[in-house]
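The values are calculated or read from the model by the stated rules, or taken from the named source; none is laboratory data. For clarity, every value in this text was computed on a predicted model and none was experimentally measured. No Cβ is skipped: glycine too gets one built from the backbone with ideal geometry, and neighbour counts run over all protein chains shown.
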């Protein structure tokens, strides 16, 4: 691997690699992100390679130093994987199986025909869509951070350099002083994407002003929110963008060592980042005397144990140092005394990946995207009761309705929208009346939620808000480190009250106590986990209080979720006596003969809901 000694050497290599890619304008991109791999994308990739070799199609392009097929990072449309896109036409095939490889190669690559059965069909019209950019899911996005994921092999530093990678680093090291870089990031308005939204430039400026021979940078890739995987996919699919951002940040603040803290559940992200560090070092883009400028900076992978609280900055640093992942009081900022008591800058994966874009395109370009106080784009993990799930990148200021309905296709099974939870387990639950609210840091905080790392969980009419609050408080209670009493004991007591409400055993006094506890935990906890943990309770009490009252006063769960407050009954006028519910009932609680109206024996019923699931005539109701 050639070691690059100057900015010009990097530019020469870029020109050579770019020319090689242009000779192979036609290529197949196969998503090999974690989600697609779990659905068999690895086997699809190998099957396509065998078919291409068998057809003799890859001889010329291999001679040019490239290839006809690339295993890339996550394309974002996770609910439709495995994904295969054929360039330059951008023909989009979804849910591809290894057996489809022969048809793709023979029909599309050789004969120029389309394999219609593999095309994506619009969930609302049923019409097949040929090109990736015409699919509503992609059409409504502004993909800056995710744009390279479908085009480069994350294990190939050459692929990253071919598309202009490390050009921003070369510019920063040879044309900009550290103070100018900090000013550019500040003027761009970049705010931390890890949850708090703290201005990145301010943090860097504070670290830069403290004199120390040793300073550290940390990339937080501990992302532990249920249903969230934005950072994982970026680090898996484009690790060099994160590394480049960190090196630029190191030059700006005078750091000498960096850590990428990756949770152990992310083995692919860890492997790809490890290889990226090794290759960047070998090429002279990382390590000693970067690009011959005399600046040196090293990065090391630190493995996290999977504790949710380790995502908190001081707990994360404690974990890197081999200590228990417990937060500390922040009367002294990490930018003054953090890792090993040295000035430390910590940002998450998405924040670091934004830095090369800002340096390359300028602060004015970046500040022109988004809202007045929240600049750039944000990647959201769109999951739950929505037709199209996956990663969505939109400008700050896009509305919830645009993300959920225009991009996500609306509510699955054509049910009614009820709520959306943003910001992970510590975020708030927002009702239908807020669908047209622009999404940014300040708007979400104002209505009792938060941006968080970008989780967005959509809920339909069959979701119980009390049960949702109970689920998140249970999760956070388990993940609390237990260091401070308000969080440790307060969350346990909140969980006990919520559990009793879902069972119909609570009183209105319990509801008042729950609300009081939530405020105390929020105001008295030591770290961000405890301070934001009550958000699911406070937001559901604010927007869905009638559901709490129905559980307590009427001993009824309006959504039909809390099993101890519901029972199933047969609707006589709708029952055809098809016998299916009786056959499927696991406890033989359904009585009746074929073609006669059935009845449910409530003394035997375990409220599993199987009868409702299998009934073809909507003859089962929940009371």
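For the reader, a short list of remarks on this structure follows.
- Selection count where residues are under 16 Å from the mean Cα position of the chain (by Cα) and farther than 22 Å from residue 223 by Cβ, scope the stretch 330-384: 0
- The set of residues from the stretch 90-112 being exposed (fewer than 15 other Cβ atoms within 10 Å of the Cβ), at pLDDT below 95 and in contact with a helix residue (DSSP H, G or I) (Cβ under 9 Å, 6 or more places away or on another chain) comprises just one member, 110.
- Scanning the stretch 444-463 for residues that are buried (at least 24 other Cβ atoms within 10 Å of the Cβ) and within 20 Å of residue 411 (Cβ to Cβ) yields 449, 455, 456, 457, 458.
- Number of positions in the stretch 115-128 that are surrounded by 16 or more Cβ atoms within 10 Å (Cβ to Cβ) and more than 30 Å from the chain's Cα centre (by Cα): 1
- Taken over the stretch 193-204, the criterion of being at pLDDT 95 or above and either assigned to a loop (DSSP other than H, G, I, E, B) or in contact with a strand residue (DSSP E or B) (Cβ under 9 Å, 6 or more places away or on another chain) (or both) is satisfied by 199, 200, 203, 204.
- Residues that are within 21 Å of residue 136 (Cα to Cα) and touching a residue at least 12 places away in the same chain (Cβ under 8 Å) do occur in the stretch 418-426.
- Test: residue in the stretch 578-588 that is in contact (Cβ under 8 Å) with a residue 12 or more places away in the chain, touching a strand residue (DSSP E or B) at 6+ places or on another chain (Cβ under 8 Å) and part of a loop (DSSP other than H, G, I, E, B): no
- Checked against (1) out of contact with any helix residue (DSSP H, G or I) (no Cβ under 6 Å at 6 or more places or on another chain); (2) within 23 Å of residue 78 (Cβ to Cβ); (3) in a helix (DSSP H, G or I), residue 278 passes all but condition (2).
- Any chance residue 287 is surrounded by fewer than 24 Cβ atoms within 10 Å (Cβ to Cβ), without any contact (Cβ under 8 Å) to a residue 12 or more places away in the chain and more than 17 Å from residue 191 (Cα to Cα): yes
- The condition (being under 24 Å from residue 4 (Cβ atoms) and either at pLDDT below 95 or part of a loop (DSSP other than H, G, I, E, B) (or both)) is satisfied by just one residue among 152, 181, 161: 152.
- Residue in the stretch 205-216 that is assigned to a helix (DSSP H, G or I), assigned by TED's automatic domain parsing to the domain that holds residue 313 and buried (at least 24 other Cβ atoms within 10 Å of the Cβ) present: yes
- Just one of the numbered conditions (1) part of a helix (DSSP H, G or I); (2) farther than 19 Å from residue 228 by Cβ is not true of residue 462: (1).
- Positions within the stretch 3-15 being assigned to a helix (DSSP H, G or I) and surrounded by 14 or more Cβ atoms within 10 Å (Cβ to Cβ), in sequence order: 7, 9, 10, 11, 13, 14
- Residues satisfying the stated conditions in the stretch 14-27, i.e. at pLDDT 95 or above and either in contact with a helix residue (DSSP H, G or I) (Cβ under 8 Å, 6 or more places away or on another chain) or at positive phi (or both): 14
- Test result for residue 84, touching a strand residue (DSSP E or B) at 6+ places or on another chain (Cβ under 6 Å) and crowded, with 20+ Cβ neighbours inside 10 Å: yes
- Only residues that are touching a strand residue (DSSP E or B) at 6+ places or on another chain (Cβ under 8 Å) and either part of a helix (DSSP H, G or I) or not assigned by TED's automatic domain parsing to the domain that holds residue 309 (or both) were counted in the stretch 243-256, giving 7.
- In the stretch 600-616, the residues that are part of a loop (DSSP other than H, G, I, E, B) and within 38 Å of the chain's Cα centre (by Cα): 606, 607, 608, 609, 615, 616
- Every residue from the stretch 257-273 that is under 14 Å from residue 222 (Cα atoms) and part of a strand (DSSP E or B): 259, 260, 261, 262, 263
- Sub-9 Å Cβ pairs linking a first residue in the stretch 516-528 that is without any contact (Cβ under 8 Å) to a residue 24 or more places away in the chain to a second residue that is not in a helix (DSSP H, G or I), at least 6 apart or interchain, are 519/534; 522/533; 522/534, ordered by first then second residue.
- Scan the stretch 24-46 for residues that are under 20 Å from the mean Cα position of the chain (by Cα) and more than 19 Å from residue 271 (Cα to Cα) and the total you get is 1.
- Within the stretch 407-418, the residues that satisfy the criterion of being in a helix (DSSP H, G or I) and surrounded by fewer than 17 Cβ atoms within 10 Å (Cβ to Cβ) are 413, 414.
- Scope the stretch 21-35; condition over 19 Å from residue 103 (Cβ atoms) and surrounded by 15 or more Cβ atoms within 10 Å (Cβ to Cβ); matching residues: 21, 24, 32, 33, 34, 35
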